[in-house]
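Structure first, then comments.
The values are calculated or read from the model by the stated rules, or taken from the named source; none is laboratory data. As the structure is a prediction and not an experimental result, all values here were calculated from the model. Every residue, glycine among them, receives a Cβ derived from its backbone with ideal geometry; neighbour counts consider all protein chains shown.
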Amino acid sequence: MQPIISIQDVGKTYAGGFTALKSVSLDINKGEIFALLGPNGAGKTTLISIICGIVNATSGSVTADGHDIQRDYRAARSKIGLVPQELSTDSFESVWATVNFSRGLFGKAPDPAYIEKILRQLSLWEKKDSRIMALSGGMKRRVMIAKALSHEPRILFLDEPTAGVDVELRRDMWEMVRGLRESGVTIILTTHYIEEAEEMADRIGVINHGQIVLVEEKNTLMQKLGKKQLSIQLQAPITELPEALQAFALEIADEGNQLIYTFDTQREHTGIAELLRSLNQQGIEFKDLHSSESSLEEIFVNLVHQNQNERQQAG
């Protein structure tokens, strides 16, 4: 399958000498939701700005739906909708006027039926005549999405789309994004909310210090890097592990009332059966077992720390 976005060896060094991106290569597939994760200053917004033609790369190339973003800027940009982090809207304009105007900027013929459709999708129809300055922050965010969709792009960038909005509105937006993907729109999402990526993404890319650390299918990433923990609730507390249990990756918790066993989901033998037999042999009785899996947040934090450690060692 030909990627809808192809990024080849893109680098960006600003005039002051700061290098924001270092030889980034990445393909994004048509119709997927791709989440780009990274700490502040990792290079997420710079990369998006280059793809959208807002910032020029120092090196490398980008194509959007087959169009080179520099040589064929107008055609490439017409394929892209961008919802930036900042809420920059025409405060005195009505919702209808500003979304309609955005469509015209891309040379699209007026289409009131289409504008009505996206305003209804975003629960903005009742506010179509309201001035943007009178809207709540969450509603303004919806207007930004409507503006980005006004020219019917096939690629939509959402740069921290739910920053500062309440949990209920965030869930509504997730549903809307899924609906867009079902209609054939490719979604690229940057977010600080790890649960957003865990909930929605098909694939996840991690960027740190201007370099792509990892790109992986979300489910594969969770399986590869996720750890499982077995919490064993004891009948009676213990103060230290018997020598026979030292070989297991056990941790005493809850003032001795709980043992936590960490195991690798990829191993053929988890060791749980052997552990439970050993507990029985040592006369340690338990009353409850509970297993849990690493969250994407834990995996992300571990990846970033690992990348930083590797950089320090290389330096």
(message) Consider segment 116-140. How many of its residues are in contact with a helix residue (DSSP H, G or I) (Cβ under 8 Å, 6 or more places away or on another chain) and in a helix (DSSP H, G or I)?
(response) 10
(request) Among the residues of segment 215-243, write down those that are modelled with pLDDT of 85 or more and of a type in the set (A, V, I, L, M, F, W, C). (result) Val215, Ile232, Leu234, Ala236, Ile238, Leu241
(request) Please work out which one of (1) modelled with pLDDT of 95 or more; (2) under 21 Å from Ala146 (Cβ atoms); (3) surrounded by fewer than 16 Cβ atoms within 10 Å (Cβ to Cβ) is the condition Trp96 fails and give its number. (result) (3)
